[in-house]
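Peer 1: Quick one: structure below, then a few questions.
Where a number appears in this text, it was derived from the coordinates with a stated rule and is not lab data. What you are looking at is a predicted structure, and each value in this text was computed from that prediction instead of being measured. Cβ sites come from the backbone with ideal geometry, for glycine too, and all protein chains shown count toward neighbours.
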Amino acid sequence: MNGRRTFLRGFLSVLLSGGAIGGILRILPSRADAREAPPKGKKWYGFGVSVDKCIGCARCMDACKNENNVPKEPFFVRTWVERYITRKNGQTTVKAIAPGDEATPETVSDKTILRSFFVPKLCNQCASPACVQVCPVGATFQTEDGVVLVNEKTCIGCRYCIQACPYGARYLHPKTHTADKCTFCYHRISKGQLPACVEVCPTQARIFGDLNAAASPMSRFLRMNKIHTLKPGLNTEPKVFYANLDGEVR
Amino acid sequence: MNPETMHSLQELLPQIQGYIYPNEIEIHWGLLIVVYPYITGVVAGAFILASLVKVFNVKEVQPLYRLSLLTALAYLLVAPMALVSHLGHAERFYEILLTPQTSSAMAMFGFVYAWYLMAVLLLEIWFVHRTDMIDMAERNTGATRLLYRALSLFSKDKGERAVAFDHKALKVITIVGIPSAFLLHGYVGFIFGSIKANPWWSSVLIPIVFLFSAIVSGIALVVLLYLIITPLTGGKINMKCVDKAVDFLFYAVIVDFSLEMVDFIHRVYQSEEEIKILSEMVMNKLFASLIIVQVLLGMLVPLLLISLTKIFKKRFSLNEDMRKMVYFISVILIQFGIFATRWNVVIGGQMFSKSFRGLTTYKMEFGGIEGLFYAILLLALPIIILAVLLKILPPWKELREEGEAGAEAAGI
């Protein structure tokens, strides 16, 4: 009788004080696994997009799909290009262009159009990534040089990260059944090459580089332009920087 | 690659309204994830009903005590099935327990679940049934005897002190159990509420709304089961008990409804950038499931029906069958309403684009792991488990308190 009582008391107190509650308390800090600032002297990769230079040729999308074995169907993309058309009545329509599209209709003769432009999109490789925070098994993580990657060997395919990404940058790979997204072509940049999309862009609308480097196309881009990021209010601290971004773009 | 998936995605293309990000066409959390919060809600709600008896001393609902505990257990056992089978790699599920990422709300599932199952529900059920199990072991022979021996963890003490300890332990467990039940379902709400990228989910009210809708669904389900099971097993429905339980249900629905209204008014009044697309979604895609089923049929109609029994008390108190009918219809409507609530949260949260410029559509499949049949199976499974549990740990004596005498003879 007494033995049972002591046992139960011990059992209950272990449960009360133990892992369950300790684990829950550790959810609280939202930046638990995010890096605060670029560590000095180390690489900290970022990306630049000159909105005005993009001509909507979609070569970047093609290059990305080929380079990274992204499924060819249009429902899975690591990078895409949006076309914005704002009319004189203030209405804006958006369309994602596709590599196979017929030539995009020219807009000069249409007098109802106020302005029109292309916006390339890709994973923002946030400094404070929401996807990394929510991954239950740590399969999506941030590398030391600031790139967010997915380990397809440990991803359980719960898709919480897809829900948590504010930019729609992630998809579930139909073959591996794991989350997939832009890696800044990590296999290329770790060899000193440029990401495939940057390499093929005919107008240099896409710029890539180390944000810590003193002199590089990337730092020049940041110095010479008025810069904006996507959805800054969510405090994800994107590392894809846009020059001359229109307020309509979300 | 699955050509069927591609085909069904292809079919969705013309249904898109406005602009959505290209990756957003596929709705990732489907019917299974609708079932999951519905099931955990029933668990939490049924437990709260049980604790009305033990902690708050509401003697009238005593007949529902064991039934609600066993209902909670039956549903809790099924809850993880919905989650695990929806994973892209179900075979890696253990990773969430072995190498959980502590910053992830979802990673805590295993711990919250284990805590609730082991430290609350199983413990309480064991203490409630301990002396009964010893009795059963004594009365039976062979395998059955061994089963009850094992279930009672080979305890044999039926002395006064042991029983007194049982009662004390039960009190403590229930007191720990109430915050745990709140934790279980509040936590499920937090999984959605903490997604800042999604304005349909991201709200501090979500865990609280989840909680109250859980209480509503749990009480309603146990009342429904009681109304069905008792006559089936030859017992007599104790109307005092049902009246009291429906009373609590009535207040819970009012609180739940008010909370949802507060959330709604708050959103409309603040009218942030997403308001246009959200109202478009509610008026087009969710009109039937939100306005009609969730609010009208799931809340307002039951509230009205139950109010009628209160307003015309005299007439209804004379006619028990009439009251029974009203309650029966109300609790069924409430079940559909709560299921629609889960649907609207989970599916609704993925129908609009995070660009706030367009809407996609959810196309439910029939077969397959994400299909309707599997979901119905998951919803039926707890009832089957409950039937087995009722057979092993029969609550008939308690169910028929004030019932007729020959209840034992029913033999179930």
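Peer 1: In whole percent, what relative contact order does segment A:31-243 give with Cα contacts below 8 Å and a gap of six or more residues?
Peer 2: That works out to 30 percent.
Peer 1: At what distance in nm do the modelled label points of residue B:376 and residue B:202 sit from each other, each positioned 7 Å from its Cα along Cα→Cβ?
Peer 2: Simple spin-label model gives 3.9 nm for this pair.
Peer 1: Another question about this same structure. In segment A:122-199, which GluC sites (Glu not before Pro) fall in coil by DSSP and have 11 or fewer other Cβ atoms within 10 Å?
Peer 2: Here the GluC sites (Glu not before Pro) that fit, given the DSSP loop and packing criteria, are A:144.
Peer 1: How much length, in nm to one decimal, is gained on full extension between residue B:255 and residue B:269, taken as 0.36 nm per residue of separation minus their Cα-Cα distance?
Peer 2: Contour length minus Cα-Cα distance gives 3.0 nm.
Peer 1: Taking K and R as +1 and D and E as -1, what net charge do the other residues with C-beta under 15 Å from the C-beta of residue B:22 add up to?
Peer 2: Result for the local shell: +4.
Peer 1: Post the alpha-carbon centroid distance, segment B:127-190 to segment B:321-392, in whole angstrom.
Peer 2: Between the Cα centres of segment B:127-190 and segment B:321-392 lies a distance of 31 Å.
Peer 1: Would you pull out the residues with amide H under 5 Å of residue B:58's amide H, same chain only if 5 or more places away, H placed 1.01 Å from N?
Peer 2: B:53
Peer 1: In nanometres, what is the gap between the two model label sites at residue A:191 and residue B:56, each 7 Å from Cα along Cα-to-Cβ?
Peer 2: A separation of 6.7 nm, rounded to one decimal place.
Peer 1: Loop only by DSSP, 16 or fewer other Cβ within 10 Å of the Cβ. Give me the GluC sites (Glu not before Pro) in segment A:41-135 that pass, ordered by residue number.
Peer 2: A:102, A:106
Peer 1: Under 10 Å, Cα contacts only: if you run a Gaussian network model on chain B, which one of B:194, B:51, B:355 comes out with the highest mean-square fluctuation?
Peer 2: B:355
Peer 1: Then there's this: When DSSP assigns beta bridges and you keep just the ones with both residues in segment A:31-243, what percent turn out antiparallel, to the nearest 5?
Peer 2: So the antiparallel bridges amount to about 85 percent of the total.
Peer 1: Still on this structure: For residue B:310, which lysines qualify as cross-link partners when the Cα separation must be under 26 Å and same-chain residues fewer than eight apart are set aside?
Peer 2: Correct list for residue B:310: B:59, B:236, B:240, B:244, B:324.
Peer 1: Which lysines, on any chain, are close to residue A:42 with Cα under 28 Å apart, when same-chain ones fewer than 8 places away are left out?
Peer 2: Candidates past the 8-residue exclusion: A:121, A:153, A:181, A:191, A:226, A:231, A:239.
Peer 1: I've got another one for you. Work through the residues other than residue A:49 whose Cβ is under 14 Å from its Cβ and net out their charges, Lys, Arg +1 and Asp, Glu -1.
Peer 2: +2
Peer 1: Now for a separate question. Taking neighbour Cβ counts within 10 Å as the exposure measure, how do A:85, B:369 sort from fewest upward?
Peer 2: B:369, A:85
Peer 1: Would you mind getting the Kirkwood hydrodynamic radius of the protein assembly as shown from its Cα pairs, rounded to one decimal in Å?
Peer 2: 27.5
Peer 1: Pick out, in residue order, every one of the trypsin sites (Lys or Arg not before Pro) in segment B:93-152 that is DSSP loop and has at most 15 other C-beta atoms within 10 Å; say none if there are none.
Peer 2: Answer in residue order: no site qualifies.
Peer 1: Let me ask something else about it. For segment A:69-86, take each phi angle, set θ = phi - 60°, evaluate the Karplus expression 6.51 cos²θ - 1.76 cosθ + 1.60, and give the result in whole Hz per residue in order, putting x for glycine and proline.
Peer 2: So the J values, rounded to whole Hz, are 6, 7, x, 6, 4, x, 8, 10, 9, 8, 9, 8, 10, 9, 10, 9, 10, 9.
Peer 1: Work out from phi, with θ = phi - 60° and the Karplus expression 6.51 cos²θ - 1.76 cosθ + 1.60, the ³J(HN,Hα) of each residue of segment B:353-370, listed in order in whole Hz, and give x for Gly and Pro.
Peer 2: Working through the residues one at a time gives 7, 6, 7, 6, 10, x, 10, 10, 10, 9, 10, 7, 8, 9, x, x, 6, 9 Hz.
Peer 1: Which residue, B:10, B:343, B:62, has the largest displacement toward the positive end of the dipole of chain B when charges sit on each Cβ (Lys, Arg +1; Asp, Glu -1)?
Peer 2: B:62
Peer 1: Could you pull out every whole DSSP H run in chain B that spans at least 24 Å of Cα extent along its own axis and averages -1.0 or higher on the Kyte-Doolittle scale?
Peer 2: B:31-54, B:65-86, B:160-193, B:205-232, B:239-270, B:320-346, B:372-392
Peer 1: Taking C-beta distances below 4.7 angstrom as the pairing criterion, name the unpartnered cysteines of the protein assembly as shown, in sequence order.
Peer 2: Here A:54, A:57, A:64, A:126, A:135, A:155, A:158, A:165, A:185, A:201, B:241 come out as lacking a disulfide-compatible partner, given the Cβ-Cβ threshold of under 4.7 Å.
Peer 1: Now, a different point. Label-point separation (nm) for residue A:101 and residue B:317, each offset 7 Å from Cα along Cα-to-Cβ?
Peer 2: 7.2
Peer 1: Work out, in µm²/s and without decimals, the Stokes-Einstein translational diffusion coefficient of segment A:31-243 at 25 °C, 0.890 mPa s, Rh from Kirkwood over C-alpha pairs.
Peer 2: 136
Peer 1: Go ahead and run the numbers for FRET between residue B:387 and residue B:98, Cβ-Cβ distance against an R0 of 45 Å, rounding to 0.05.
Peer 2: 0.85
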